[in-house]
Structures are given as C-alpha cells and as structure tokens.
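Engineer: Sharing a structure with you now.
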Amino acid sequence: MAKIQNKTGASVERENFYGREQELYNAFVKINDGNSLILAAPRRVGKTSFAKKMAEICREKGWAAIYLDLESIRTEEQFVRLFVDKLMETEGIFPKIKEWVTTFFENTNIKYKDLEVKHDKSESDLFKKLHDLLKVIKDQELLIICDELTIFLNYIIREKDGKTNTEHADYFLNMLRGLRQMSECNHRWIFCSSISIENFLKRNNLSKSMNDVTQYRLDELKHCEAIGLLNALAESYGYTYGEGIAEYILHRIGMALPYYIQLMFAEIMDIKCEIKEPIQTEDIEKAYEQLLGKQCFNTWTERLDDYPEKAILWKILNNISNGPDGCSRDILESQFSSYDNPSQTVASALSILKNDGYIILNDKGKYVFRSFLLRDFWYKEYIA
C-alpha cells in the first residue's frame with residue numbers, strides 16, 4: 001500500500017487522495033458524455049480534492065484541465081485574467097493561443113502582463129473576447145474547475161446603498177452559461193464551493209442561470225473506504241490498532257469524512273508520539289476530548305455569518321446540540337412561535353443547514369448534527 005500523508009484541512013492530490021473510485025468513475029462518465037457538474041455536497045466532504053482528482057483523471061485520458069480558485073477574485077476582470085493565465089500555463093493549449101493573448105486584451109480595461117491598455121470596454125465585450133478565445137481551442141477536450149464560486153458571488157452581490165446587487169451575480173452567471181453552451185467547443189465545467197452553491201442560487205432566485213449543470217452528489221466515505229483510510233494512515237506512520245479500534249474511531253466520529261478521520265488520527269499521533277504500541281480505546285477518548293478544545297471547528301460558526309438568517313440558524317443549532325437525540329420539527333417550530341410563519345422560517349433554515357452539512361434528519365424523524373465531533377464542540381463552546 002502506498003504511503004499517504006495525513007493532511008488536515010488542505011485539499012489533497014495524487015497519492016494522498018483515498019477512495020471514492022466509484023464516484024470518480026461515474027463523474028467522468030457524465031463529463032465525457034457532455035455534462036458539466038456542480039459538486040453538491042456538505043462542507044468538509046472534500047469537494048476540492050475530488051475536483052482536483054477529476055482533473056488528474058482527465059489529464060491521464062488526454063484532456064487538458066485548469067483549476068480556478070475564485071476565493072480571492074473580486075471582479076469579472078480578475079476572473080478573465082485568471083482564466084487566461086491558467087490556459088497559458090497549460091501544456092497543449094499554450095501553443096494554440098499564444099498569438100491570441102496579446103490581441104485578446106487589446107481595447108479592454110485589463111492590463112495583462114506588460115501590455116498597455118488602450119481604452120475601456122464593457123464587461124460584455126470582455127466575455128465576448130473570452131468566448132472567441134475558447135473557440136480557438138474548440139477541439140481540445142478541456143475540463144475547467146471553478147472552486148469557491150459562492151464566495152466570489154457573495155462578494156459581488158454585497159450591499160451597495162442598502163441594496164443587494166443580485167443583478168451583478170446574475171450577469172456573471174449568465175456569461176458563464178454562455179461559455180458552457182458553446183456547442184462547437186469540447187469543454188466541460190465543474191463548480192464547487194465551501195459554501196453551498198444550491199443555497200446561494202435558491203436564496204437569490206438565480207437557479208435558472210445554472211439549470212444546465214448537473215448536480216453531482218458527494219457524501220461520506222463508504223464504510224470499507226473509511227476503514228481503508230484509517231489502515232493506510234496507520235501503515236504510513238508505523239502504528240497499529242487494537243482489536244476493533246478502527247471501527248470504534250468511526251463510531252465516535254459519527255460521519256466518515258476524510259477530514260474528521262484525519263483530524264482524529266493527527267490527534268492520536270500527538271498522544272502516542274513515538275510510542276508504537278497499538279492504539280487503544282483510551283487513546284481515542286483522549287484524542288476526542290482534546291479535539292473539542294481546538295480551533296478546527298471555528299469555520300463552521302464563521303460560515304453562518306454569510307447568511308442573513310444567521311440568528312435563526314444559530315438558535316436551531318443550539319437547540320439541536322443539546323443532546324444526541326436532536327430535535328423534532330415541532331419542537332424547533334415552537335421556538336419561533338412569535339414569527340409570522342414559524343413553519344416556513346424553520347423549513348428554510350433547515351434546508352440551509354442540511355445543504356451545508358451541519359445537520360441531517362435521522363430515521364427517528366429528529367434533526368441531529370451529522371458529525372458527533374461538531375455537535376459536542378458546539379455544545380461545549382456555546383451551550384454548556
């Protein structure tokens with residue numbers, strides 16, 4: 001078994017990506033058949049790692065692939081500049097477009113490399129130029145990954161003069177739609193974000209701008225893959241498990257995501273240090289308790305600031321965190337009896353929290369945290 005690194009928090013690539021063989025195969029079939037995809041999955045499922053692995057697979061099959069991280073992008077101009085930069089860096093594409101690049105940015109409001117700006121042009125002209133540039137490589141099989149799309153969209157719809165600028169996001173999304181629907185081009189797109197794209201589109205009535213993109217669901221690892229990841233980590237770092245301990249780790253975590261598995265394993269290694277005796281139950285319990293006091297869960301609370309309904313979301317999560325049994329819909333609605341429409345208020349909030357991976361509806365009809373770690377962190381930090 002190839003050794004893997006225990007990277008917690010950052011996306012992984014190449015040999016550090018573990019499992020999901022069936023999902024990867026199915027995704028490539030859809031892309032190869034002409035579909036673009038939204039990776040629809042809760043936070044921390046590993047969407048970025050999955051998208052980068054898809055890029056590796058496509059390259060192995062003779063495609064070109066570019067990865068666009070939109071987290072620090074603020075304007076359409078920066079988006080186009082990043083897009084072209086990545087195309088210029090891509091083997092197999094650069095020779096086809098290098099003569100176009102100097103003329104591409106002429107008469108635009110972008111400065112590219114050492115090219116001097118002549119005069120301003122509108123954003124629509126800018127996307128028209130990108131449209132024309134992509135036609136130059138229309139026969140090249142190309143995968144375009146746009147990561148952190150929602151973070152960028154949230155930035156460009158920020159309030160101006162007290163109004164939310166959804167028209168700006170609508171314009172950008174429709175320009176992307178125009179690029180996707182270039183029937184003469186053999187290009188496919190993958191969209192993903194740490195904040196739910198589905199929630200953003202629904203809340204801002206923009207779903208129609210991406211109704212040509214297939215939602216591709218990712219969830220936790222299969223049980224056998226989760227056990228395999230634990231075994232691979234142990235082998236890579238020279239540890240062994242006591243009898244039933246790998247199963248016990250998954251039981252304590254409550255959600256078999258690589259992120260949580262790797263967090264637990266990193267904490268176990270800190271406890272064991274250089275002692276290579278088999279990992280036992282007491283090591284797991286100590287690691288679990290130590291994790292609850294760490295900052296690795298703070299992003300879950302910080303992400304709530306991106307929602308206008310954050311006070312409602314906080315109240316629901318506080319109620320659900322009170323115990324492992326969670327809360328029924330009726331109990332949650334009773335907490336909002338003073339609202340004009342308690343049922344709709346709760347329904348909308350639950351949809352957001354489910355899509356973003358905070359909660360699920362269990363087989364007993366109760367809403368519970370998907371991750372036991374996150375639930376116990378939440379209770380310890382904000383309730384106890």
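Engineer: Does ARG74 qualify as being more than 23 Å from CYS224 (Cα to Cα), outside any strand (DSSP E or B), charged (D, E, K, R) and in contact (Cβ under 8 Å) with a residue 40 or more places away in the chain?
Structural biologist: yes
Engineer: Now, a different point. Got a sec? Which of LEU313, LEU374 is out of contact with any Leu (no Cβ under 9 Å at 6 or more places or on another chain), closer than 22 Å to VAL45 by Cα and modelled with pLDDT of 85 or more?
Structural biologist: LEU374
Engineer: Looking at (1) within 25 Å of ALA256 (Cα to Cα); (2) of a type outside the set (A, V, I, L, M); (3) modelled with pLDDT under 85, which one does ASN319 not meet, given that it meets all the others?
Structural biologist: Just one mismatch for ASN319, condition (3).
Engineer: Does segment 326-341 hold any residues that are closer than 22 Å to ARG375 by Cα and open to solvent by 80 Å² or more (accessible area, probe 1.4 Å), and which are they?
Structural biologist: If the condition is that a residue be closer than 22 Å to ARG375 by Cα and open to solvent by 80 Å² or more (accessible area, probe 1.4 Å), then ASP330, ILE331 are the ones that fit.
Engineer: For SER183, which of the numbered conditions (1) more than 19 Å from the chain's Cα centre (by Cα); (2) at pLDDT 90 or above fails to hold?
Structural biologist: Condition not satisfied by SER183: (2).
Engineer: May I pose another question? Checking the structure you have, find out if any residue of segment 190-200 is open to solvent by 50 Å² or more (accessible area, probe 1.4 Å), outside any strand (DSSP E or B) and either of a type in the set (Lys, Arg) or in contact with a Pro (Cβ under 7 Å, 6 or more places away or on another chain) (or both).
Structural biologist: no
Engineer: Go through segment 282-308 and give me each residue that's open to solvent by less than 70 Å² (accessible area, probe 1.4 Å) and within 21 Å of the chain's Cα centre (by Cα).
Structural biologist: CYS296, PHE297, ASN298, THR299, TRP300, THR301, ARG303, LEU304, ASP306, TYR307
Engineer: Determine if segment 256-279 includes at least one residue that is touching a residue at least 12 places away in the same chain (Cβ under 8 Å), surrounded by 22 or more Cβ atoms within 10 Å (Cβ to Cβ) and farther than 30 Å from LEU39 by Cα.
Structural biologist: Looking for residues that are touching a residue at least 12 places away in the same chain (Cβ under 8 Å), surrounded by 22 or more Cβ atoms within 10 Å (Cβ to Cβ) and farther than 30 Å from LEU39 by Cα, one finds at least one in segment 256-279, hence yes.
Engineer: What's the number of the condition VAL29 fails, among (1) assigned to a loop (DSSP other than H, G, I, E, B); (2) out of contact with any helix residue (DSSP H, G or I) (no Cβ under 7 Å at 6 or more places or on another chain); (3) open to solvent by 20 Å² or more (accessible area, probe 1.4 Å); (4) of a type in the set (Val, Ile, Thr)?
Structural biologist: In the conditions (1) assigned to a loop (DSSP other than H, G, I, E, B); (2) out of contact with any helix residue (DSSP H, G or I) (no Cβ under 7 Å at 6 or more places or on another chain); (3) open to solvent by 20 Å² or more (accessible area, probe 1.4 Å); (4) of a type in the set (Val, Ile, Thr), VAL29 misses (1) alone.
Engineer: Shifting gears a bit: Select, from LEU68, LEU24, the only residue that is modelled with pLDDT of 95 or more and aliphatic (A, V, I, L, M).
Structural biologist: Checking each option against the conditions leaves just LEU68.
Engineer: Taking into account only those residues within segment 33-45 that are open to solvent by 30 Å² or more (accessible area, probe 1.4 Å) and either in contact (Cβ under 8 Å) with a residue 24 or more places away in the chain or among the hydrophobic types (A, V, I, L, M, F, W, C) (or both), which is farthest from GLY92 (Cα to Cα)?
Structural biologist: ARG44
Engineer: Tell me the residue from ALA311, ALA347 that is within 27 Å of ILE197 (Cβ to Cβ), open to solvent by 40 Å² or more (accessible area, probe 1.4 Å) and small (Gly, Ala, Ser), please.
Structural biologist: Every option except ALA311 fails the conditions.
Engineer: Would you point out the residue of segment 209-255, among those that are more than 25 Å from the chain's Cα centre (by Cα), not aromatic (Phe, Trp, Tyr) and not in a loop (DSSP other than H, G, I, E, B), that is nearest to PHE265 (Cα to Cα)?
Structural biologist: This residue is ALA234.
Engineer: So, one more: Does segment 187-200 hold any residues that are at pLDDT 90 or above and not β-branched (Val, Ile, Thr), and which are they?
Structural biologist: Result: HIS187, ARG188, TRP189, PHE191, CYS192.
Engineer: Please pick out the residue among GLU123, GLU141, GLU159 that is modelled with pLDDT under 85, open to solvent by 40 Å² or more (accessible area, probe 1.4 Å) and farther than 24 Å from ARG203 by Cα.
Structural biologist: Matching residue, one of GLU123, GLU141, GLU159: GLU123.
Engineer: Here is a further query. Yes or no: segment 162-170 includes at least one residue that is of a type in the set (A, V, I, L, M), modelled with pLDDT of 85 or more and crowded, with 17+ Cβ neighbours inside 10 Å.
Structural biologist: Scanning segment 162-170 turns up at least one residue that is of a type in the set (A, V, I, L, M), modelled with pLDDT of 85 or more and crowded, with 17+ Cβ neighbours inside 10 Å.
The values are calculated or read from the model by the stated rules, or taken from the named source; none is laboratory data. Just so we're clear, the structure is a prediction, and the values are computed from it rather than from any experiment. Methodologically, a virtual Cβ is constructed for each residue, glycine included, from the backbone with ideal geometry; neighbour enumeration extends over all protein chains shown. These area figures cover heavy atoms from the full protein model, side chains too; ligands, DNA and RNA do not enter into them. Shrake-Rupley method; radii C 1.70, N 1.55, O 1.52, S 1.80 Å.
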